[in-house]
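The values are calculated or read from the model by the stated rules, or taken from the named source; none is laboratory data. The model shown is predicted, which means the values in this text are computed figures rather than measured ones. Positions of Cβ are backbone-derived with ideal geometry, glycine not excepted, and every protein chain shown enters the neighbour counts.
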Amino acid sequence: MRIETNRHGAVTVIQPSGPVITEEDATQLRTESFEVLGNTLGRFIMDVTEMTFVDSFGLEALVDITDELSAGGQSLKLCGISDTLREIMAITDITSKFQQFEDVQTAVRSFL
């Protein structure tokens with residue numbers, strides 16, 4: 001798995017590419033997200049357009065990230081969610097933990 005980080009004004013976009021199917025992938029996602037969280041005071045979104053699959057390790061990482069954000073009154077903003085990921089989140093009943101947006105621009109505007 002590869003993770004790119006880009007800036008859109010005052011908002012940082014984290015874009016993981018590839019499946020999150022191992023504990024190492026999940027740890028990398030969690031670690032890099034927490035690092036961005038510390039540097040942006042929660043002004044970041046995750047573009048999951050290129051995240052091709054997520055297993056329990058990946059779901060746990062996403063929940064850990066949003067739990068950390070919720071301590072500050074925020075939740076993880078996801079955009080570009082595939083039908084597969086949307087279904088996995090619904091089956092595991094975690095959909096309500098995240099704010100969901102169609103694309104990066106819409107998610108970025110949600111901070112205004």
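Assorted remarks:
- Pair list, Cβ < 8 Å and 6+ apart or interchain, from the range 83-106 residues that are closer than 17 Å to Phe53 by Cα to residues that are of a type in the set (A, V, I, L, M, F, W, C) and part of a helix (DSSP H, G or I): Ile88/Leu59; Met89/Leu59; Thr92/Leu59; Ile94/Leu59; Ile94/Leu62; Ile94/Val63; Thr95/Met89
- Test: Val13 is out of contact with any His (no Cβ under 7 Å at 6 or more places or on another chain), closer than 17 Å to Val104 by Cα and either in a helix (DSSP H, G or I) or of a type in the set (S, T, N, Q) (or both): no
- When restricted to residues that are assigned to a loop (DSSP other than H, G, I, E, B) and under 10 Å from Asp47 (Cβ atoms), the range 16-25 contains 0.
- Any hit, the range 34-43, residues being within 12 Å of Ile14 (Cβ to Cβ), among the basic types (Lys, Arg) and either surrounded by fewer than 17 Cβ atoms within 10 Å (Cβ to Cβ) or out of contact with any His (no Cβ under 9 Å at 6 or more places or on another chain) (or both): yes
- In the set (1) out of contact with any Pro (no Cβ under 7 Å at 6 or more places or on another chain); (2) surrounded by 15 or more Cβ atoms within 10 Å (Cβ to Cβ), the condition left unmet by Met1 is number (1).
- Count of the range 72-98 residues which are over 22 Å from Arg109 (Cα atoms) and either in contact with a Pro (Cβ under 7 Å, 6 or more places away or on another chain) or among the small types (Gly, Ala, Ser) (or both): 1
- Selection within the range 1-10 - in contact (Cβ under 8 Å) with a residue 12 or more places away in the chain, of a type outside the set (Val, Ile, Thr) and either assigned to a strand (DSSP E or B) or in contact with a Leu (Cβ under 6 Å, 6 or more places away or on another chain) (or both): Arg2, Glu4, His8
- Within the option set Gln100, Gln105, Gln74, Gln28, being modelled with pLDDT under 95 and either among the polar types (S, T, N, Q) or in contact with a strand residue (DSSP E or B) (Cβ under 9 Å, 6 or more places away or on another chain) (or both) holds for one residue only, Gln74.
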